[in-house]
Structures are given as C-alpha cells and as structure tokens.
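Each remark here refers to the structure printed beneath this line.
Since every read-out is calculated from the coordinates, none of them should be taken as a lab result. Quick caveat, the model's predicted, so the values are computed rather than measured. Cβ coordinates were reconstructed from backbone atoms using ideal geometry, including for glycine residues, and neighbour counts include every protein chain displayed.
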Amino acid sequence: MSGRAKPGWLKMRPPSGRRFTEIKQSLRDRDLHTVCEEANCPNLGECWSGREGPGTATFMLMGDRCSRGCNFCDVQTGGMEQLDSDEPANVAEAVSEIGLDYVVLTSVDRDDLADGGSAHFAETIREIKARDSSILVEVLTPDFQGSPDAVRRILDAGPDVFAHNIETVERLQWPVRDRRAGYEQTLDVLQQANEESNVYTKTSLMLGLGEYHHEVYQTLSDLREVGVDIVTLGQYLQPSRTHLDVFEYVHPDVFETWREVAEEELDFLYCASGPMVRSSYKAGELFVDALLREERSIEQARNLVRAGGD
C-alpha cells in the first residue's frame, strides 16, 4: 500500500512560530536530541507550538544511533558513540530554560552498554528533579533485554510515568520489531514497573500493520492484566521505502472505537487514540487532564503523582 496516496485525515501542520524556534535553538545550543526530530514525528509542529505553554518535547538520550534495527523506525542503526556525561545536566538545564513542567525522556537502545544505559537515564531524572521537584517526568524506556536490575535502577530515580512500548500485537512482533524485542518481554517490563513502584505505567501500539481487531483487543486486555494504566494508539506511517509497508490506513472512527473500549470497558486511566497520535502526543496535557477529571487542581495532580496515587 505504500504507493497509495494518504487519506485527508493524515494531513499535518508544518512546524512554525516563535515558541517552536526557541525550543529548537535551546536544544541545538546544548547538542541535545529529541525523538520528535529524529523519528520525524508528525506532531512536532503541534506539540512544540502548543497552545498551553511550550507544549511537550521528548528528549532522546544517549545519542541518535540505535543498537537495534526495528523495521518501522527511522532512527539510524549502528555506529554507537560514547555516552556524554554532561547530557543529564544539559537536559535538565534545557528543561528549565524552556519552562517545561512535564518532561518525556526516551532513548535509543544501547545493547552495547553493560546496563543498557539505565544509569544514564536515572541520572537525567535526578538532575531534572533536583532543579525543580514539581516537574513531572515521564520515561519511555527500552526493554534493557529484560533486565530487572536496569528497570529497577530507573524506578529508584523517581519518574512519575514509566512507559515502554509494545508497538504491535503478538503475531506481528517480528517483522515489526527487532528480534531482540518481544511481546512477553515487554509485558514483563511493564509488570515489574507496576509491581515495584507507584508510578503510572504506559505503552503504545501502532495500527495499520495488518493486525486483526481481536488481536488488538487481546493486546489491550493483556496490558491491563499486568497493570498498565495508559495506552496510546496511532497509525503506522512508512518512514521510507526501505521500511515496512503500510497495510492499511485506519479510519479515525476505528481509533475512536478503540479509545472507548480502552477507557470504558477495560478501564485504562486514559487512551489517546487517533491516526496522528504517537506515544508522547500531548503527554503532559492528557495525563494531567485525566487526573483533573477527579476534580483536583494541577498542583494537587502533581502531588498525587508524587504520592503514587490514592
């Protein structure tokens, strides 16, 4: 299907505006990477030019080259570089300068490192919190090859939301994901985060890869079974002709149906679901809004997160 024209609902707004320029300049000044740019996120313009403050920027730690080669992802593979010991502090300084009160930290896979880069992740969380403990930090982590110690190291640093993406249904894990990833391994990571901490847990699925409806439902059920709180669903878009073809463009009405199933039937805290949704799409805004549905102020919502919920 890759040669077919995209439907009208996949049109995106190009990046623009003073706030967008300010954020980009702050990142370049510190030689920082964002997954927004590296993965060609279609929502970059909307998030960075958000109507409420600076919006959401997702910082990508440990370089812009990944040790894995997933067939859906546009991040480059191989040629790993040494970790930048200044990066945790530089990210924290950028967060302060931009004025974010909700930060998403993600990373490439670093299977070349003994701890998968988990200590670097943890140090970045601590640097941000040390400057302003009220900032909410969401981490979108690799699976660290299923290492409980690596996951625990990040949990001990005190993130508010722990995310790890399952990406697709069980049947399609390969060829969608690198063979070192896996459905059960992802569920195990999310279950550990749920059982060993008070963080909210989160994951994301792409649709349009050839999955069946019953497989999506089973995946959502499996995620709730291990305690996942938040799920996002979005349309897979082919980054280049060398990546997986799009099997189908899923209609917005189908995404809305899955949102209703996730929130009303399976009782997720919230489900962001739509063709242009990505795992970090309006992450702070949607998370706080979900907590505010319980009629708490923003500061009360922050306190709720820090206290681990009711």
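Quick notes
- Taking Cβ atoms as reference points and 9 Å as the exclusive limit, the residues near Leu205 contribute a net charge of -2, counting Lys and Arg as +1 and Asp and Glu as -1.
- Other-chain or far-sequence residues with amide H under 5 Å of Thr58's (modelled H): Val35, Cys36
- For the peptides 199-211, 234-246, the ranking by mean Cβ contacts within 10 Å, running from highest to lowest, is 199-211, 234-246.
- Each Lys or Arg adds one and each Asp or Glu takes one away; over the other residues whose Cβ falls under 12 Å from the Cβ of Thr168, this sums to -2.
- For the listed peptides 143-149, 282-288, a ranking on the average number of other beta carbons within 10 Å per residue, highest first, reads 282-288, 143-149.
- Local electrostatic count, Gly146, Cβ distance below 11 Å [Lys/Arg +1, Asp/Glu -1]: -3
- For Ser273, the amide hydrogen comes within under 5 Å of the amide hydrogens of Leu233, counting only partners 5 or more places away or on other chains and with H modelled in the peptide plane.
- Nonlocal amide H pairs with Val137, under 5 Å, H built at 1.01 Å: Val103, Asp160, Val161
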